[in-house]
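All of the numbers you see were taken from the coordinates with simple rules; none came from a lab. Because the structure is predicted, anything quoted here is derived from the model rather than measured. Methodologically, a virtual Cβ is constructed for each residue, glycine included, from the backbone with ideal geometry; neighbour enumeration extends over all protein chains shown.
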């Protein structure tokens, strides 16, 4: 139970930096008089680093183990947060985004595979629920400091302190991980080349599910606040509080999916989540008030939140435990790829057509997700 608690805390550390930039960006581009679309350069740099570390994570985990990889990677994100806090130019932010991405990708792959291989779906959802706790913390911190002279700079410095504490905890917990039998299975992981994964139909379907779900999540994280400021004429501080409801939805959705009755499989939870996601996007699309925007974002988070952990949890079932690390690593890379492309595409569309395009953008990706889910339902379980 102690080790499980430490894993949960580590996932808070994964979530805290993830929601910082999207919430802080309206203040950053206003302070430095930058185009809105420039935010995509920062997020793309982060996700390139995440993609690279995810693809190489299996061999690194085999050599150093989940504990050491997680501890070092969290320390790397703490260093990145310090850099963001001290940044005085846009290009310094881009530079600091590199260690943030490298650290986040390694943590994500290592802990997700460890949980999927050693614990039940309930604990997988709880772990991602703690990720939700992390992404709630950041908007709250920024909402408290944004009115100060060094608002977003101070917010990043506070997050640096949080990441440092978590990294120290992980380093001191390494002996606990060494006593766990799950570490022995890491030596048996099959390192599957990317060219082989590309030829596997089920892998491509899983990539499609991740691409669409993560595009929706990343777009909301990066541009929901900007949508509220530009389209609903909200103050930056108020928008940060409303966006916090989106992250609350993610957290509550994952917590409740962990409490779901045992007769519901992880895949059935995903289908239910997609229906809720459809309702949330529809509310955001047809509503034109602050209230409907808040409800829509809450439902989008609530529906989309459980998809990521449950997609990961079914991976060992579909592909086998010996292959799960490579497949999950590729899934993290695909998720990172969406982090590169989605903010760029959404930002450019928002700049040229106005941020009113935002709900239409995420609706388009939901439709693709629904189609892929129908195909995957047949392919994943036809031999079960």
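Annotations
- Spread of Cα-to-Cα distances over 10 Å intervals beginning at zero, given as percent, for segment 183-291: 11, 30, 29, 20, 9, 1
- If you look at the Cα atoms of segment 249-384, you get an Rg and a Dmax of 16.3, 50 Å.
- Anisotropy class of segment 2-381 from Cα gyration tensor, a/c 1.5 cut: oblate
- Where labels lie 7 Å past Cα in the beta-carbon direction, separation of residue 90 and residue 275 in nm: 4.6
- Ranking of 154, 108 by count of other Cβ atoms within 10 Å, fewest first: 154, 108
- FRET efficiency for the residue 202 to residue 351 pair, using the beta carbon distance and R₀ = 41 Å, is estimated at 0.60.
- Point-to-point label distance, residue 379-residue 363, nm (Cα→Cβ direction, 7 Å offset): 2.8
- Using C-alpha pairs below 8 Å separated by at least 6 residues, the relative contact order for the chain is 27 percent.
- Ordering of 92-98, 277-283 by burial proxy (mean other Cβ atoms within 10 Å per residue, highest first): 277-283, 92-98
- Put the Cα centre of segment 86-132 next to the Cα centre of segment 265-343 and the gap is 16 Å.
- Rounded if a/c under 1.5, otherwise prolate or oblate - segment 7-56, Cα gyration tensor axes: oblate
- Extension gain, residue 5 back to residue 285 (0.36 nm per residue minus Cα-Cα distance, nm): 96.9 nm
- Counting every other Cβ atom within 10 Å of each residue's Cβ, 332, 51 order from fewest to most as 51, 332.
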